[in-house]
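Following: one structure in structure tokens, then a few remarks.
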Amino acid sequence: MISNTSMLLVVPTWLTIILIVVGLGLGTAVGFFVSKTLANKKLDKSRKSATKILEDAYAEAKAVKKESLVSAEAEVQKLKDEANEDIKLRRIDVQKTEDRLAQREEFLNKKEEQLDSRQNSIEITKQQIEQRKNEIEEIKQKELEVQEEINKKLEQVSGMTREDAKQQLIKAYEEDAKKDAAKIVRRIEQEAKDNANKEARNIITLAIQRCASDHTSETTVSTVELPNDEMKGRIIGREGRNIRSIEQATGVDLIIDDTPGTIVLSSFDPIRREVARVTLEKLMLDGRIHPARIEEMVEKVKRDIDEQIKEAGENAVYDAGVQGMHPELVRILGRLKYRTSYGQNVLKHSLEVSYLAGLMASEIGANVKIAKRGGLLHDIGKALDQEMEGTHVSIGVDLAKKYGENEEVIHCIEAHHGGVEYHSLEAMIVQAADAISAARPGARRESLENYIKRLTDLENIANGFDGVEKSFAIQAGREIRVMVKPEKIGDEDAMFLAKEIAKKIEDTMQYPGEIKVNVIRESRAVQYAK
């Protein structure tokens, strides 16, 4: 054993090195081979994996492509169907439009043919008229020639010119007609007076006796009593802001002067004036007087006044015994509580006219309901005549028609000032009742200046007629007595003169009730015994 080991140990070094080198080479070769083999396997595996991924991706892409193609084809088909449907609808609309245009064209063609036919007919008619006109002109010319020849012969025979003969003939006819007409008028009027005067006087007297009404006169100004002069300063406010707020909110002028303890309210509208008066009284009681409080109080008072107007209308309808009136017409009627005419309260006047008309209608057998309703509504237009254009009669007629009033009631409103011809007995009764209520002493008042001017105008109208010597307005302008010159005005002419004076008074003057024209002709024969 020892000898073998010793032998090994003595193996030369170079052999060892060779063996190491050979071993390293073999190891390297084996390692390279193993590494290459492993690398080739990994590469094959990677190639297979890549190939599979590519195949899967290709298959997926193919599926997506196929799905996209199917979806796109479906979308294209849908769009194509929609487009076809739209085209179809458009074609239908176009066809309808073409049909309408064709019908319109056909209608226009027919219209054109009718117009052409009518034009031809008009032309033919014009030619016929022109021809007829020429024939008439020829006939007139021949008549003129014949008449001229006759006139010449008459002038030669009579020794008078044509104009002289015409004037003499007209004058003779006019004188005869005047005399006959005056006799007939006098006879008819006398008969009517004999038959109707007594009965009418009894009816009117009875109606007045049974209807006694008190009237309060109002003006276009109201006064508010102040507790002290300090309150006047508070109402004026700093730099006049309170008084400006009141005037703007109510539309009423406040007149504040040196008169102690008094403020004057001036307005043509009595409702506004009443709103301002009540507002001031409430502000003084409240004590808070400033623009915001003023506006608040004005609105509250307006609501209260509206309620009072409605209540006044309902009370008037109830007191007059009228039923079935439209609520809005009742409210408008209540506005007359704050409306005056010549100082007379229009609502009270309307109630009085309703009472009088009902009493007279019952006495003579007329329709009492129509007479009372017409009397109550005869001045309804005065409630709105300051807000609407037109006379109170036309406004009242429009209101009555609007709210469904009876035609007979509408006629009573329309005829109560004699603006239209009377068609019913009730309309005449309402007119008479209106005149009685307005004309009785104390019902109305005028200023002294207007009163004197009216009487002066009345006398000037009468004095303006030829043959009048002098005239006198008496009974507060209810009658005018006209003295005529007997040498110029005969008995028959006096009747015509009275009618002409009355007609001119009606056309040129405004007055309540009626005016009696009394023409007096007096002849005096004077001789002296010596």
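The values are calculated or read from the model by the stated rules, or taken from the named source; none is laboratory data. The structure displayed is predicted, hence computed values, not measured ones. A quick note on method: Cβ atoms are made from the backbone with ideal geometry, for glycine too, and the neighbour counts reach across all protein chains shown. Side chains are part of the model used for accessible areas, which takes the heavy atoms of the whole protein and leaves out ligands, DNA and RNA. Shrake-Rupley method; radii C 1.70, N 1.55, O 1.52, S 1.80 Å.
Here the average projected area of the convex hull drawn through the C-alpha atoms of the stretch 66-157 stands at 9.1 nm².
Within the accessible area of the stretch 282-353, the carbon and sulfur atoms contribute 46%, probe 1.4 Å, all protein chains present.
Could you tell me which of rounded, prolate or oblate describes the stretch 1-153, using a ≥ b ≥ c as the square roots of the eigenvalues of the alpha-carbon gyration tensor, with rounded for a/c under 1.5 and, failing that, prolate when a/b is larger than b/c and oblate otherwise? Cα axes put the stretch 1-153 in the prolate bin.
Electrostatic tally near Arg100: other residues with Cβ closer than 12 Å to its Cβ, Lys and Arg +1, Asp and Glu -1, net -3.
Once the Cα-Cα distance is subtracted from the 0.36 nm per residue extended length, the Glu73 to Arg293 segment shows a gain of 71.3 nm. Here the calculated FRET efficiency for Val420 and Ile124, from their Cβ-Cβ distance with R0 = 45 Å, stands at 0.50, rounded to the nearest 0.05.
Net charge of the neighbourhood of Leu79, taken over other residues with C-beta under 15 Å away and scored Lys/Arg +1, Asp/Glu -1, is -3. The Cα atoms of the stretch 263-345 cover 45, 27, 17 Å along the three principal axes, with the biggest extent listed first. Calculated FRET efficiency, Thr259 and Glu407, Cβ-Cβ r, R0 56 Å, to nearest 0.05? Efficiency computed from Cβ-Cβ geometry: 0.60. Full extension of the chain between Phe107 and Leu54 yields a length gain of 11.4 nm, computed as 0.36 nm times the residue separation minus the alpha carbon distance. Once each part is reduced to its C-alpha centroid, what is the distance from the stretch 23-76 to the stretch 310-385 in angstrom? Here the answer is 114 Å between Cα centres.
Here the accessible area of the stretch 454-496 is 46 percent carbon and sulfur, with a 1.4 angstrom probe and all protein chains present. Ordered from largest to smallest accessible area (heavy atoms of protein chains, 1.4 Å probe), the residues Phe465, Phe33, Phe107 come out as Phe33, Phe107, Phe465. Would you mind checking Lys337/Lys516; Lys171/Lys488; Lys485/Lys530; Lys171/Lys503; Lys453/Lys504; Lys372/Lys503 for any pair whose Cα atoms are more than 20 angstrom apart? Cα-Cα > 20 Å for Lys337/Lys516; Lys485/Lys530; Lys171/Lys503; Lys372/Lys503; rest within. Sorted on the mean count of surrounding Cβ atoms within 10 Å across their residues, most packed first, peptides 60-70, 275-285 read 275-285, 60-70. The calculated FRET efficiency for the pair Arg478 and Glu500, based on their C-beta separation and a Förster distance of 22 Å, comes to about 0.65.
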